[in-house]
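Quick notes on the structure that follows.
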Amino acid sequence: MTDVETTQEKTTVVDRILTEYPQGKRDALIPILQEVQAQQGYLSREAIVKIGKHLGLAASKIYGVATFYNQFRFQPLGKFHIQVCRGTACHVKNSTAVLDTLRRELKIEPGETTRDGLFSLEVVACVGACGLAPVICVNGEFYASMTPAKTRRLIEEIRERAEEHGN
């Protein structure tokens, strides 16, 4: 699929969602943003501009609202989306060291995706697995009692698996 086809596909998705909100009222902004992200995985610049035109809002206002809530993303997630728990139990058991290891190994900061699209990194308040602290989640799969060494091995294993499958 080409970039043009991908952009056209995204535009069609946004257009379809906007038809569900024909009145184009400001109070529809968050539900529209949620639906667009659910369909596309993130909020693209094109989507924000189109939503702004539909609602009669400047793109800067939409960005202002979307950046206020940490549920919204402005980049696609990586094939392997890593969530680092920073809840109290994980914090006490040094999840900071795990997060720092991921930053160094992946060369990205939380909220970013690697250039190859393989990894994205997110910090979350709590994943509800306090007894397994410190915990990271990769595409919904939990990894318990993480250390910097275990984190590096996990990243190596994921990279090897991705290479084997041609990614």
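The numbers here are math on the coordinates, done by the rules we state, and not lab data. The model shown is predicted, which means the values in this text are computed figures rather than measured ones. Here Cβ is always computed from backbone atoms with ideal geometry, including for glycine, and neighbour counts include all displayed protein chains.
Once amide H atoms are built 1.01 Å from N in the peptide plane, which residues 5 or more positions from GLN75, or in another chain, come under 5 Å H to H?
Those qualifying (amide H under 5 Å, at least 5 residues apart or on another chain) are LEU43.
Place a label point 7 angstrom from the Cα of GLU122 along the Cα-to-Cβ direction, then list the residues of the stretch 48-70 whose backbone nitrogen is under 17 Å away.
What the label zone holds, given the 17 Å backbone N cut-off, is 66-70.
I need the Debye-formula profile for the chain: one equal scatterer per C-alpha, no solvent, reported as log10 I(q)/I(0) at q = 0.08, 0.10, 0.17 1/Å, two decimals.
Rounded to two decimals, the profile gives -0.31, -0.47, -1.01.
Quick check: convex hull over the Cα atoms of the stretch 3-68, volume per residue in Å³, rounded to an integer?
Expressed per residue, the convex hull around the Cα atoms of the stretch 3-68 is 77 Å³.
Ordered by residue, what ³J(HN,Hα) values in Hz, to whole numbers, does the stretch 122-135 give under the Karplus form 6.51 cos²θ - 1.76 cosθ + 1.60, where θ = phi - 60° and Gly and Pro are x?
9, 9, 10, 5, 6, 9, x, 10, 4, x, 9, 4, x, 10
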